[in-house]
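Just so it is clear, none of the values below were taken in a lab; they were calculated from the coordinates. Just so it is clear, the structure is predicted and the values come from calculations on it, not from any experiment. Cβ: placed from backbone, ideal geometry, glycine included. Neighbour counts: every protein chain shown.
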Amino acid sequence: MAEKVYQCTVSAPVNIAVIKYWGKRDVGLNLPTNSSLSVTLSQDDLRTVTSASCSKSFEKDTLWLNGHAEDISASKRLSVCVEELRSVRRELEKENDSMDKISQLKVHVVSINNFPTAAGLASSAAGYAAFTEAIARLYDLTWTPTELSRIARQGSGSACRSLFGGYVSWEMGELHSGADSVAVQVEPVEHWPEMRVAIMVASAAKKGISSTSGMQATVASSTLFQERIKNIVPGRMQAMKQAIRNRDFETFAKLTMTDSNQFHACCLDTLPPIFYLNDTSRAIIRVIENINAAAGKTVAAYTFDAGPNAVVYFLEENSSYILDALHAVSKHAEGWEESARNPTSVKIDDV
Ligand code: PMV
């Protein structure tokens, strides 16, 4: 008779930070040097779908990411997520005799992104959020998203924010254990449903330097970064939360662009310097500046993560002329990825 297979499938969205996480105070536990804040994008457009299963016939914990097999035990980040959840399940099984002893079985995880992996489009955020949630559900753990965020954070920092929809903060916390370094929802998507996003893929190539090595080089060498984490981000987090609560787009947009610029300035202030933006990214910045100048107010905001791809925030009421302007420029620019030539509007969403 075939062995019983336990299985569950989940999906997780991408989130794009408007106050950036950059820098770890504890590399092992993925504890950040500053709090951060993001917006969760609609899963209709960008998502990771992940299935987790376990069976007596499985020989080792394995992940297939977009079809490539990886031994989970060979990756510290993946195995920490599995082992923490497995030990919780093991305790529950000890307390409850009727529970199947699935904590003793190996897991197989299959994960698929419908967007470029590791090109600065937050693939690790959606990936680790889905990975953590799939295993938690496989083990029937009834944890809140904030509780799960503590585990997902250890896979990839920004993943903790992908467990919520809408507007989400990752509070850096103070404890050495990291127990208070978790994500919380600032406002749900319904609070500001007019918010839209356009994604412009300037290059779908894998990024040159990983965010982990990049950020630790910045921590070690940038004096601008020290100023940022001590004197800038705490106030900016408060101002951003207030802008979201007030649905004040201009303040939201200015803070978003300023924070993206400062994050890339810290990258440039790193020894050796890190360049994530390319000519296309800079052309997009100029287009947004022109759109805002023509409107006489700030109607669009760009932000860039650890890669050259732009994410542009705007409100639904301005959607058609902003997309037209982005489209017009991209049509004539050289060296753009095909997908950047037709930027479309993506909604903000719930999970
Ligand atoms: O979660 P990581 O380790 O991939 O780091 C992400 C860092 C940024 O995307 C640049 C900023 C952020 O807050 O998402």
When every residue in the range 86-95 that is loosely packed, with under 12 Cβ neighbours inside 10 Å and more than 30 Å from the chain's Cα centre (by Cα) is compared, the one nearest to ARG137 (Cα to Cα) is GLU91
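Looking at the range 17-64, which of its residues are among the small types (Gly, Ala, Ser), within 17 Å of LYS347 (Cα to Cα) and more than 13 Å from the ligand (Cβ to nearest atom)?
SER42, the sole residue that qualifies.
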Scanning the range 27-68 residue by residue, those over 17 Å from the mean Cα position of the chain (by Cα), in a loop (DSSP other than H, G, I, E, B) and small (Gly, Ala, Ser) turn out to be GLY28, SER57, GLY67
Within the range 269-291, the residues that are more than 22 Å from the chain's Cα centre (by Cα) and closer than 17 Å to VAL219 by Cα are ASP269, THR270, LEU271, PRO272, PRO273
Open item on the list: Take VAL299 and tell me if it is in contact with a strand residue (DSSP E or B) (Cβ under 9 Å, 6 or more places away or on another chain) and either farther than 15 Å from ALA325 by Cβ or within 16 Å of the ligand (Cβ to nearest atom) (or both).
Closed with: no
